Amino acid sequence: MYDVIVVGARVAGSSTAMLLARRGLKVLVVDRASFPSDTLSTHQVQLPGIAKLRRWGLLERVAASGAPPTRHVVFDQGAVALDGHYPEFDGVDALYSPRRTVLDKLLVDAAREAGAEVREGFVVEELLADGGRVAGVRGREKGGVAAVERARLVVGADGKHSLVARTVGAATYHDKPVLSMACYTYWEGVDLAGGEIHGRGRRAAGLWPTNDGLVMSYVAWPIEEFPAFRADVEGGFHATLDLLGEAGERVRAGRRVERFRTSPDLPNHFRTPHGPGWALVGDAGLVKDPITGQGIGDAFRDAELLAEAVAAGLDGKRAEEQLGIEANAADLDGQPLETALAGYQQARDRAALPMYGFTAELASFGPPRPEQQVLFAALSRDQAETDRFLGVVTGAVPLEEYLQPRNLARIVGVRGMAKLALARLRRRAA
């Protein structure tokens, strides 16, 4: 009998298992893959995620893998290109973009070292139920006999098509349609001084250094144009590079070393992340378009929030004291785990919603807003503010704080605020 079984051992699952095991819980984490194993990913671990790796004692391992730190970044939207450095956040000032063959294996190893039992190549076939609660899993190692394992809590960290979420009927909310498609590949011999984010009309592209001296290139198109892209993937990719001018020429001067990986399967929704005997973390509980590269950092954040809630709930401690949530004494005394998991959902949603909306707006590929042009023009004249804006892009500076009228007025000035107000009136009239 385990305290927790985690289904899925990638960034969300292994992190959750590691954190729970470090708290002394008996944890089993299973995955159908064997590691190292690759998966579709934007690669970026934004500053808040890097700060967590540092706090967990794992950042040195990421650096030792050969994934280079990225401190310098270009945010190029055509009319204005912002060139700066990420601000310091919780002791770190660089993001990393490790390959998933590296990062996932590193986290699986860390979960084992913490005391979690890890079973690779284990396929979960169904959840077990007992008295209306999830009580464990039934599955088997590939080619092996069926095995039954029971736990006080089963955590689904099994991705956007989560078996756990589907089995328990976890409801979705804040749903948005699929907005974009993504395609990425790897190059060698590309001159790159840091990270690059490019936008050209209804196209977006990113360039990031990763392991083995390679550059990962990412291209996004509106989802309605996916059939045209799929008909000529290489042509569509290079047509996007052509829009980037000098940056596209630098990529073309290199050599592509791996195949194109393309996906239109980019949903946007929250799922209710808990219920009787179960919880969700990572893409199983919250998934959004990869255009802002926030997925790995989100997984780390939610793994930490969930581990805190589960440890408090299974220990029978008062979740109100541990998590700062509102609950009456009867709930706390009778259902400490359920109360703690409700707090996890509140904390996750509060942290995730601002960037979720910002991401959906970018992935919609709408026409540029006039107020964006005013803001970017002001930022281009102020290096310190450019760096702070890059902190917003990486999630280190809270988006809602940055967009406060008082802060915008400080950046763009009186004339700029007048232009912003006029632009908003024109947009509303239109």
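In the structure shown, do any of 52/160; 26/142; 52/142; 142/288 have a Cα-Cα gap over 27 Å, and if so which?
Check vs 27 Å cut-off fails for 52/142; 142/288.
Counting other Cβ atoms within 10 Å, keep those with at most 10, restrict to DSSP loop, and tell me which trypsin sites (Lys or Arg not before Pro) in region 219-279 are left.
Answer in residue order: 259.
For region 344-393, rounded, prolate or oblate, judged on the Cα gyration tensor with a ≥ b ≥ c (square roots of eigenvalues), a/c < 1.5 rounded, else prolate if a/b > b/c?
Here region 344-393 falls in the oblate category.
Applying 1/(1 + (r/R0)^6) with R0 = 25 Å to the Cβ-Cβ distance of residue 71 and residue 253, what FRET efficiency is obtained, to the nearest 0.05?
Numbers: r = 24 Å, r/R0 = 0.94.
The calculated FRET efficiency here is 0.60.
Working with all protein chains in place, sort 358, 376 by solvent-accessible area computed with a 1.4 Å probe, largest first.
Details: 358 50, 376 30 Å².
Correct descending sequence by accessible area is 358, 376.
Using 0.36 nm per residue of separation minus the Cα-Cα distance, give me the extension gain between residue 404 and residue 90 in nm, one decimal.
110.8 nm
Just the Cα atoms of the chain: what Rg and Dmax do they give in Å?
That works out to 22.3, 72 Å for Rg and Dmax.
Ranked from highest to lowest mean number of other Cβ atoms within 10 Å per residue, what is the order of the peptides 214-220, 35-41?
Per-residue mean Cβ counts within 10 Å order the peptides as 214-220, 35-41.
Return the percentage of antiparallel bridges among DSSP beta bridges fully within region 1-157, rounded to the nearest 5 %.
Working: 22 of 35 bridges.
Here the share of antiparallel DSSP bridges comes out near 65 percent.
Taking square-rooted eigenvalues a ≥ b ≥ c of the alpha carbon gyration tensor, is region 155-213 rounded, prolate or oblate, where a/c under 1.5 means rounded and, failing that, a/b exceeding b/c means prolate?
In terms of gyration-tensor shape, oblate.
I'd like the antiparallel share, as a percent to the nearest 5, of DSSP beta bridges with both residues in the chain. Walk me through the numbers on the way to the answer.
Working: 53 of 73 bridges.
Bridges in the chain are about 75 percent antiparallel.
Based on the mean of other Cβ atoms within 10 Å per residue, sort peptides 348-356, 367-375 so the most packed one is first.
Ranked from most to least packed, the peptides come out as 348-356, 367-375.
Under the rule of -39500 (n - 2.57) per DSSP H run of 4 or more residues, summed and divided by the residues of the chain, what mean residue ellipticity at 222 nm is obtained, to the nearest 500 deg cm²/dmol?
Details: 16 runs with 183 residues, N = 430.
Value at 222 nm, helices only: -13000 deg cm²/dmol.
What's the ranking of 387-396, 111-120 by average number of surrounding C-beta atoms within 10 Å, highest first? Each step should come with its number before you reach the end.
Details: 387-396: 22.0, 111-120: 18.1.
Packing proxy ranking, top to bottom: 387-396, 111-120.
The values are calculated or read from the model by the stated rules, or taken from the named source; none is laboratory data. Just so we're clear, the structure is a prediction, and the values are computed from it rather than from any experiment. Glycine gets a Cβ as well: all are built from the backbone with ideal geometry, and neighbour counts include every protein chain shown. Keep in mind that these areas ignore ligands, DNA and RNA; they rest on the heavy atoms of the full protein, side chains included. Shrake-Rupley method; radii C 1.70, N 1.55, O 1.52, S 1.80 Å.
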